[in-house]
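*Asks:* Can you read through this structure? Questions will come right after.
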Amino acid sequence: MSQQLQRVCSFMIVSVITIANSGCFPVVATGMFATAVAVTDRRTPGIILEDETIELKSIQRISAEFSKSSVSVSVTSVNRIALITGWVPNEGVSKKISALVADIENVRDVFNEVNIGPVTTTKTFAKDAILTTKVKASLIDEKNLNGNVIKVKTENGVVFLLGLVTKREADLAADIASRIDGTRRVVKVFDYITEEELTNLQSRLKKTE
């Protein structure tokens, strides 16, 4: 890992530990990478807006249906593929949440990866946030991969990878994530493109720089 990324990673880990010790749960743990992602995102501006809308509407619908004390879930949308993670009390609630998200306009597919059981502890949340930071930093540091185009979400040690990537990029990213200490399992929720499509996307992005 490069020295710059080591410094960023160390700072973010300290921040997460501080927040965890205070008992507060931050919304995201990868905000420092937002600028880089915005510049290199392979999605069109229209799709990015649709993804943000899907995430917002999902949480609004779930919050309207269930109390915060009964469920703790988040929805991550990339290229209109929605990943649901978190904790719910039973299978019935899990299915209901899937239906709520699937019914949102422009959602192409739903991956429900929620855990059945009590809401995660502050300690587990902190570990997941730190693991997400380490995985993201390692992906960005890999010279044969554009780690900025891959979203990372971690839940109870399970690392979810999302983004528009080729099969080659997906396999490399999954291998990197699997070798990070603390990773229990890696789940690929990618939207696959061909190498030719990747070349065309890179050309389009260069023209917008």
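The values are calculated or read from the model by the stated rules, or taken from the named source; none is laboratory data. Treat the numbers as computed from the prediction; the structure is a model and nothing was measured. So basically every Cβ, Gly included, is an ideal-geometry build from the backbone, and we count neighbours across all protein chains shown.
*Asks:* Hey, can you tell me all the residues within region 101-125 that are surrounded by fewer than 20 Cβ atoms within 10 Å (Cβ to Cβ) and not in a loop (DSSP other than H, G, I, E, B)?
*Replies:* Selection gives Ala102, Asp109, Phe111, Asn112, Asn115, Ile116, Thr122, Lys123, Thr124.
*Asks:* Let me ask another. Taking region 50-99 on its own, how many of its residues are within 16 Å of the chain's Cα centre (by Cα), of a type in the set (A, V, I, L, M, F, W, C) and more than 19 Å from Thr124 (Cβ to Cβ)?
*Replies:* Residues flagged as within 16 Å of the chain's Cα centre (by Cα), of a type in the set (A, V, I, L, M, F, W, C) and more than 19 Å from Thr124 (Cβ to Cβ) within region 50-99 amount to 7.
*Asks:* Report, by residue number, each residue of region 69-81 that is closer than 20 Å to Arg185 by Cα and either loosely packed, with under 14 Cβ neighbours inside 10 Å or in contact (Cβ under 8 Å) with a residue 40 or more places away in the chain (or both).
*Replies:* Result: Val73, Ser74, Thr76.
*Asks:* Does Ala82 satisfy being outside the structural domain of Ile193 (by TED's automatic domain parsing) and either part of a strand (DSSP E or B) or modelled with pLDDT of 95 or more (or both)?
*Replies:* Here the answer is yes, as Ala82 does meet what is asked.
*Asks:* I'm told Ala129 meets every condition in (1) within 27 Å of Leu164 (Cβ to Cβ); (2) small (Gly, Ala, Ser); (3) not assigned by TED's automatic domain parsing to the domain that holds Gly163 except one. Can you identify the failing condition by its number?
*Replies:* Of everything listed in (1) within 27 Å of Leu164 (Cβ to Cβ); (2) small (Gly, Ala, Ser); (3) not assigned by TED's automatic domain parsing to the domain that holds Gly163, Ala129 misses just condition (3).
*Asks:* May I pose another question? Is it fair to say Ala99 is small (Gly, Ala, Ser) and in contact with a helix residue (DSSP H, G or I) (Cβ under 8 Å, 6 or more places away or on another chain)?
*Replies:* No.
*Asks:* Going through region 82-108 one residue at a time, which ones are touching a residue at least 60 places away in the same chain (Cβ under 8 Å) and more than 16 Å from Glu52 (Cβ to Cβ)?
*Replies:* Thr85, Gly86 - these are the residues of region 82-108 that are touching a residue at least 60 places away in the same chain (Cβ under 8 Å) and more than 16 Å from Glu52 (Cβ to Cβ).
*Asks:* Continuing with this model, one more query. May I ask you to list the residues in region 145-201 that are of a type in the set (Ser, Thr, Tyr) and modelled with pLDDT of 95 or more?
*Replies:* Thr154, Thr166, Ser178, Thr183, Tyr192, Thr194
*Asks:* Give me the pairs: first residue in region 133-150 and closer than 16 Å to Leu162 by Cβ and touching a residue at least 12 places away in the same chain (Cβ under 8 Å), second residue in a helix (DSSP H, G or I) and of a type in the set (Asp, Glu), beta-carbon distance under 7 Å, and six or more apart or on different chains, which are they?
*Replies:* So the pair list comes out as Leu145/Glu169.
Here is a yes/no grid of residues against (1) surrounded by fewer than 18 Cβ atoms within 10 Å (Cβ to Cβ); (2) over 24 Å from Lys188 (Cα atoms); (3) at pLDDT 95 or above:
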position	(1), (2), (3)
Val28	yes, no, no
Leu49	yes, no, yes
Thr53	yes, no, yes
Glu65	yes, yes, yes
Pro89	yes, yes, yes
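*Asks:* Ok, one more. Sort out which residues of region 55-68 are without any contact (Cβ under 8 Å) to a residue 12 or more places away in the chain and either assigned to a loop (DSSP other than H, G, I, E, B) or touching a Phe, Trp or Tyr at 6+ places or on another chain (Cβ under 7 Å) (or both), and write them in order of number.
*Replies:* Ser67, Lys68
*Asks:* To continue, here is another question. Which numbered condition in (1) touching a strand residue (DSSP E or B) at 6+ places or on another chain (Cβ under 6 Å); (2) not in a helix (DSSP H, G or I) is the only one that Ser77 fails?
*Replies:* (1)
*Asks:* Looking only at region 175-191, how many residues end up being crowded, with 16+ Cβ neighbours inside 10 Å and either without any contact (Cβ under 8 Å) to a residue 60 or more places away in the chain or not assigned by TED's automatic domain parsing to the domain that holds Ala129 (or both)?
*Replies:* 7
*Asks:* Of Thr133, Thr85, which residue is more than 30 Å from Leu205 (Cα to Cα), hydroxyl-bearing (Ser, Thr, Tyr) and surrounded by 15 or more Cβ atoms within 10 Å (Cβ to Cβ)?
*Replies:* Unique residue meeting the criteria: Thr85.
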